[in-house]
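J.: Supplied in structure tokens, the structure appears directly below.
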Amino acid sequence: MLSPLPLPPPPPLPWLLLMQLLLLLLLLVMVMMMVSVIYRCELIALGNGTACRETESYLSDLIQSGWFYPLDVKFTIVNEQGTSIYSCSPVAQKEFAGTDPNVISASNDILY
């Protein structure tokens, strides 16, 4: 009896993380472009969390290459410390009644 061929090994985890990061950056660029055009937003607040420096570099390249023309878009890096603490606070629970604290935290990281 012949044994079945072995399955190829799964792709290494860093490759998957890299693809997720690239997709996230693409989504970030698309959202930034839409917001900047619709609302004429010329200042972007970039959180200092995970992949901040990579996003800063990518955003700088986009600004220098004229992706946001005719708007004069600039960005600043902001401190995200405390957003997770807020999401579990009574104030946040009242403001976002019935919403999971994880969802509140994710939305606060985007908003603030």
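J.: Among the numbered criteria (1) charged (D, E, K, R); (2) in a loop (DSSP other than H, G, I, E, B); (3) surrounded by 11 or more Cβ atoms within 10 Å (Cβ to Cβ), which one does Arg40 miss?
T.: All conditions pass for Arg40, except number (3).
J.: Same structure, new question: From the list Thr55, Thr99, which one is among the β-branched types (Val, Ile, Thr), assigned to a loop (DSSP other than H, G, I, E, B) and surrounded by 11 or more Cβ atoms within 10 Å (Cβ to Cβ)? Break it down stepwise before answering.
T.: On the way: Thr55 fails: assigned to a loop (DSSP other than H, G, I, E, B).
Thr99 is the lone residue from the list that is among the β-branched types (Val, Ile, Thr), assigned to a loop (DSSP other than H, G, I, E, B) and surrounded by 11 or more Cβ atoms within 10 Å (Cβ to Cβ).
J.: Please specify each residue of the range 58-86 satisfying the condition of being surrounded by fewer than 10 Cβ atoms within 10 Å (Cβ to Cβ) and assigned to a strand (DSSP E or B).
T.: Hit for the range 58-86 is Thr76, nothing else.
J.: Could I ask something else about it? Any residue that is under 14 Å from the mean Cα position of the chain (by Cα) and in contact (Cβ under 8 Å) with a residue 60 or more places away in the chain - is there at least one of those in the range 49-67?
T.: yes
J.: Only one of these conditions is not met by Ala45: (1) under 23 Å from Leu18 (Cβ atoms); (2) touching a residue at least 40 places away in the same chain (Cβ under 8 Å). Which number is it?
T.: Going through (1) under 23 Å from Leu18 (Cβ atoms); (2) touching a residue at least 40 places away in the same chain (Cβ under 8 Å) one by one, Ala45 breaks only (1).
J.: Would you be able to say whether some residue in the range 1-18 is at pLDDT 85 or above, outside any loop (DSSP other than H, G, I, E, B) and either β-branched (Val, Ile, Thr) or within 24 Å of Asn102 (Cβ to Cβ) (or both)? First the steps, then the outcome.
T.: Just the residues of the range 1-18 that are at pLDDT 85 or above, to begin with: none.
No, that holds for no residue.
J.: What residue, among those in the range 73-98 that are over 21 Å from the mean Cα position of the chain (by Cα) and charged (D, E, K, R), is farthest from Ser36 (Cα to Cα)?
T.: Ranking the candidates gives Lys94 first.
The values are calculated or read from the model by the stated rules, or taken from the named source; none is laboratory data. Small disclaimer: the values here were computed from a predicted structure and weren't measured. Note: ideal-geometry Cβ built from the backbone for every residue, glycine included; neighbour counts use all protein chains shown.
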